[in-house]
Every structure is written in C-alpha cells, then in structure tokens.
Amino acid sequence: MLASTSYNPYSGRGEPVCGDRLVGREAVLSRLVQRVVSRSHCSIVGLPRMGKTSIAREIAKTVMGLQPGVACSYITLDAIRGSAHAYARILAETSGSGEPEAVGERIRDEDDAYEAFLTTLRRRRAGGAAALVVLDEMDGIVRHDFRDASLFVSRLREVANDRERYGVTFIFVSRRSLDMIQGAVDCSTLAGLCEVLYLQPLDSNGLGALAARSLLPIEESALGMLWKLTGGHPYLAEVLMCEAVDMGMRTIDECTIQTAQSAQSHEFTNQYRQLGNMLREEGMFDALCELVVGPQWRTIPPHTICLIKHYGLLRSTASSEEGVECMSEHLRDFLALYSRSTPPWALLGEAERQLRYIVQDRMVETYGDNWFEDVKRRHQKLQEALDRLAQQRVREKKMFGDAASDFILDYAYIGDLKDLIFAEWEKFRPAFGGAKADWERRFQDVMKVRNPMAHHRAVPADVLLDAERSCKAILERLREGNAAR
C-alpha cells in the first residue's frame, strides 16, 4: 500500500463540475448549446446529483463564448423569496456596464416589479441586447413561502413567448418536469415552449471516462463493479472513486471499489432516500418497487412507467426477460430491502411482521437468546436457508450500513417463516390451532404473491383474493392467540 497522494481528482465531489471534469455529456451539451444558440428555450430535468447544474452552467459558458453580446443570469430559485426578488436578480445579473442594478424605490409590490421588469427588458432589447437566463431548482417555487408562484410562471411564459420583444432565452433546471411543477401551483403551461431533456445516468462509456480521470490504473473488473454499484450515477461514481483513490493503493481493482462502497454506504442510502421522497410526491415510488422487485399488485399506468424510464431508473434491455432492468444492481438490492420490510400491500406487510414477532417469541422461549444457532443444529434441512439469512444481513450491512436491519428475521420472507414454524410445529400449534395441512395451504396462498422469484409479474385477481383471505386468517388467529395468553 502507498501513502495517499495529496491530489485527488475526485475531491469536491457533489460540487458543480466543468471542463475536463464534466465527462460523458458531450452529446447532451452539443444538442442543448445548439438549441440555445438558436434562441430556443430548454428544460433540463433529472434526479438529484445527476449533473443538471453542471450542464446548465457549461451551456451558459459556451453560449457566452460563441455569442459575446449575450448577457447571462444564473439564479437558484431555492434561494429566492418570490417573484419580485427573481425579477430584480435577473435584471441585476444581465445589466450592461454602468447600468444601475436596482429598478428603484417606486416598486411597491410584485405587480410593480413585473412592470418594471418588462419595461427594462424592452428598453434593452431596443438597443440590441439579448439575455440567457438559467433558472435552477425550478421546483423551489412549489414551496409555501415562494410568493405568487402561479402568477410568476404565467409571467415567465409571457416573456418567454415573445423573444423578439424581450430578447430572453430561458433554461429551466428541475428535478420534476415543468408540467408537474405547474400542476402543483395550478398555473398555465410553460412546458410547451421548451425542449425537454431528461438527464439520465452516464452510459458505460461515460462512466469509463469518469474513472479514467484517476491517476491510478483501474482494472476492468473495477469498472464492472463501479457499474454494478452506481449504474452510471455520476455523483455516486465520484464518491466511490474519491474513496478508492484515498485508500492509496497501487491500482484500483474490484475489491477496492467494493471496500470504497462499504465506507460510503451512507452516501448511497442518503441519495436513495432523496429519490424515494421525490418519487413518493408523484406517486411513483411504490410503482418503481413493484417494477423492480415485484410482484405487481395493480396495473401501473404507462405514463408512470415512461417517467421512471425517462429518469433512467429503469433501462430497456434485451438481456432481461421483462425487457427492463434497474439503473444499478445496488439500487435494485436497496429496493428489495425496502420492499421486504415495507411491502406495498399493507395487509401482507402486517402478516409478515406479526409472523416475525411470534417466531422470535417462541424461539426465545424455547432456546433462549441464541436460538438461531440452536435451531440450525437441530434442523439440518433449515441450515442452508438460515445461513442465507445471516449472509444477507452481513451483505446488506456492508452495502447499506445503518439502513440495514440487525434483526435476523427481517431478512426472512414468508416462506422462511413458514419453514421455521412448521419445523417446530408443536411450539406454534397453540397459537395457530387447527390442522397443519390447512395452514400449509394458507401459507402457500400468500407465497404465490410474495415469492421473491415473482419479479415483474402482475398478480391475477383470483390469486390476490386468495392471498388476502389467508393473510386475514393468519392475522385473526395470531390476535386471538395473543389475547388468550
């Protein structure tokens, strides 16, 4: 091992990047620069930390180089109080040399600010001026303390719709599409004026270019592991490469990337939580879980599937039977972890939770706190399945850190719980009552929809109905058993 070098090309991860650090986006940049030079408005949409701000800033820098007379304003709406504040910032940042930045004290409200904004733009345009305005974090207008959000969007449309009169070209940057944002603030559409580009994760070539910025040799196996863990997510890839370089090895191999991911597992889970929060607001997170982990409890609207693909969370592929695959294997495993602990069908989730509790209680009563190893020794047929639970816990603790559960039965599906119950049936008979064969049938009903091998399969209505009845029977019997104790 070598001492860590003082220079790490991935330091400052998460900051907007430019120049040779902005890799794998050449086609996107070329397309958008061509549009803006032609005075077309653009909307850049993408997940958090996907590089939207970097792209927007690079476009502005390039356009100003190609068209020196174009003034540029870059505003982050998360930091803006309301529409009057936004107009003032745009005018100040696009003002010519010697022109006063403030409109004046005659401004009393948002209406006055807007009229002054239009007057100034018309005067500048009459003198031949043109401006490029980048509005980053466009989602920020949805927050409750942004004043006059609906009117602000309508007024932006007026300015954007008359470039000959006002001379302004807009680039809108957001996590959600403009029509989603506009739906949240109930205003007229701005989306129809823009070419929309969803910024997706890097492809394999782009990820290779990002990794090639390392001063250390990187093995092909390391690139494969980087792809499995990040799926081309540029921020997560930089996080891993930064950690890998800091480890001070002579070369970066597959093991180095895996170790780096374990050290930075919190960054991955933080990104996934942000992703989950954003998708839940649009009712898409459960749909993503069903599409990736399965099974599907309902018909998912084609528009929802299309949006998930636009974000790059699902990719079309010929190598998968279902024709789609998750952005990364790591995200797929996280969604499996989430779905196991919080199944989208609430009735199933409650049945599994109650079964985990009763298995834990009965096993501790019989064998004590170390019941897991005792049951493995006592029941040879269960050893492989129980070892798999333990291995899964170790694996997920490495991959997800504190987001992974310490409770061993959280890694058990209903089939595992059934096998534990039936292996010690005499301990559980008082709680369940009735014949073992009857309960076998009920467990099988539920397993038909919960089986983790049922990925991407919609559940037939009759199968779902049988599972619902059996879940209710299990819950009712366990409640009765608890009440009787």
What pairs come up if the first residue lies in the range 391-415 and is of a type in the set (D, E, K, R), the second is not in a helix (DSSP H, G or I), and their beta carbons are under 6 Å apart, counting only those six or more places apart or on different chains? 396/404; 397/404
Looking at the range 313-321, is at least one residue in a loop (DSSP other than H, G, I, E, B), in contact (Cβ under 8 Å) with a residue 24 or more places away in the chain and either closer than 30 Å to residue 256 by Cβ or assigned by TED's automatic domain parsing to the domain that holds residue 50 (or both)? yes
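Given the criterion surrounded by 18 or more Cβ atoms within 10 Å (Cβ to Cβ), in contact with a Gly (Cβ under 9 Å, 6 or more places away or on another chain) and not in a strand (DSSP E or B), identify the matching residue among 155, 176, 124.
Numbers: 155 fails: in contact with a Gly (Cβ under 9 Å, 6 or more places away or on another chain); 176 fails: in contact with a Gly (Cβ under 9 Å, 6 or more places away or on another chain).
Checking each option against the conditions leaves just 124.
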Of the numbered conditions (1) of a type outside the set (Ser, Thr, Tyr); (2) free of Cβ contacts under 8 Å to residues at least 24 places away in the same chain; (3) outside any loop (DSSP other than H, G, I, E, B), residue 300 fails exactly one; give the number of that condition. (3)
For residue 243, the lone unmet condition from (1) free of Cβ contacts under 8 Å to residues at least 40 places away in the same chain; (2) surrounded by fewer than 19 Cβ atoms within 10 Å (Cβ to Cβ); (3) charged (D, E, K, R) is (2)
Those residues of the range 188-226 which are of a type in the set (D, E, K, R) and free of Cβ contacts under 8 Å to residues at least 24 places away in the same chain, in sequence order: 220
Assess whether residue 30 counts as being farther than 21 Å from residue 175 by Cα, assigned to a helix (DSSP H, G or I) and free of Cβ contacts under 8 Å to residues at least 60 places away in the same chain. yes
Which ones in the range 234-269 are under 17 Å from the mean Cα position of the chain (by Cα) and β-branched (Val, Ile, Thr)? 239, 269
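Quick check on the range 314-328: of everything there that is within 14 Å of residue 201 (Cα to Cα) and surrounded by fewer than 20 Cβ atoms within 10 Å (Cβ to Cβ), which residue is modelled with the lowest pLDDT?
Step by step, filter the range 314-328, then rank; the result is 316.
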How many of the residues in the range 415-444 are more than 39 Å from the chain's Cα centre (by Cα) and either in a loop (DSSP other than H, G, I, E, B) or under 15 Å from residue 376 (Cα atoms) (or both)? 6
Conditions (1) in a helix (DSSP H, G or I); (2) more than 25 Å from the chain's Cα centre (by Cα): number failed by residue 215: (1)
Members of the range 7-44 that are within 22 Å of residue 274 (Cα to Cα) and either touching a helix residue (DSSP H, G or I) at 6+ places or on another chain (Cβ under 7 Å) or modelled with pLDDT of 95 or more (or both): 13, 14, 16, 17, 43, 44
Which of (1) out of contact with any His (no Cβ under 8 Å at 6 or more places or on another chain); (2) modelled with pLDDT of 90 or more; (3) of a type outside the set (Ser, Thr, Tyr); (4) not in a helix (DSSP H, G or I) is the odd one out, the single condition residue 104 does not satisfy? (2)
Quick one: residue 349 ticks every box in (1) at pLDDT below 85; (2) part of a helix (DSSP H, G or I); (3) over 17 Å from residue 478 (Cβ atoms) bar one, so which box is it? (3)
Every residue in the range 227-240 that is out of contact with any Cys (no Cβ under 9 Å at 6 or more places or on another chain) and either more than 13 Å from residue 271 (Cα to Cα) or in contact (Cβ under 8 Å) with a residue 60 or more places away in the chain (or both), please. 227, 228, 229, 230, 232, 233, 234, 235, 236, 238, 239, 240
Can you pull out every residue in the range 33-74 that is assigned to a loop (DSSP other than H, G, I, E, B) and under 25 Å from residue 161 (Cβ atoms)? 38, 39, 40, 67, 69
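Can you pull out the residues in the range 68-84 that are surrounded by fewer than 23 Cβ atoms within 10 Å (Cβ to Cβ) and at pLDDT 90 or above? Spell out the reasoning first.
Taking the range 68-84 first, the residues surrounded by fewer than 23 Cβ atoms within 10 Å (Cβ to Cβ) are 68-76, 78-82.
If the condition is that a residue be surrounded by fewer than 23 Cβ atoms within 10 Å (Cβ to Cβ) and at pLDDT 90 or above, then 70, 71, 72, 73, 74, 75, 76 are the ones that fit.
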Please state which one of 267, 238 is over 28 Å from residue 27 (Cα atoms) and not polar (S, T, N, Q). 267
If I go through the range 366-377 residue by residue, how many of them are out of contact with any Phe, Trp or Tyr (no Cβ under 8 Å at 6 or more places or on another chain), without any contact (Cβ under 8 Å) to a residue 12 or more places away in the chain and either in a helix (DSSP H, G or I) or not polar (S, T, N, Q) (or both)? 7
Selected residue (criterion: farthest from residue 310 (Cα to Cα)) from residues of the range 41-90 that are among the hydroxyl-bearing types (Ser, Thr, Tyr) and over 25 Å from the mean Cα position of the chain (by Cα): 87
Which condition from (1) at pLDDT 95 or above; (2) closer than 30 Å to residue 282 by Cβ; (3) out of contact with any Asp or Glu (no Cβ under 7 Å at 6 or more places or on another chain) is the one that residue 208 breaks? (2)
May I ask you to say which residue of 260, 244 is farther than 18 Å from residue 395 by Cβ and among the small types (Gly, Ala, Ser)? 244
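The values are calculated or read from the model by the stated rules, or taken from the named source; none is laboratory data. Computed from a predicted model, the values in this text were never measured in an experiment. Because the Cβ atoms are built from the backbone with ideal geometry, glycine has one as well, and the counts that use them run over all protein chains shown.
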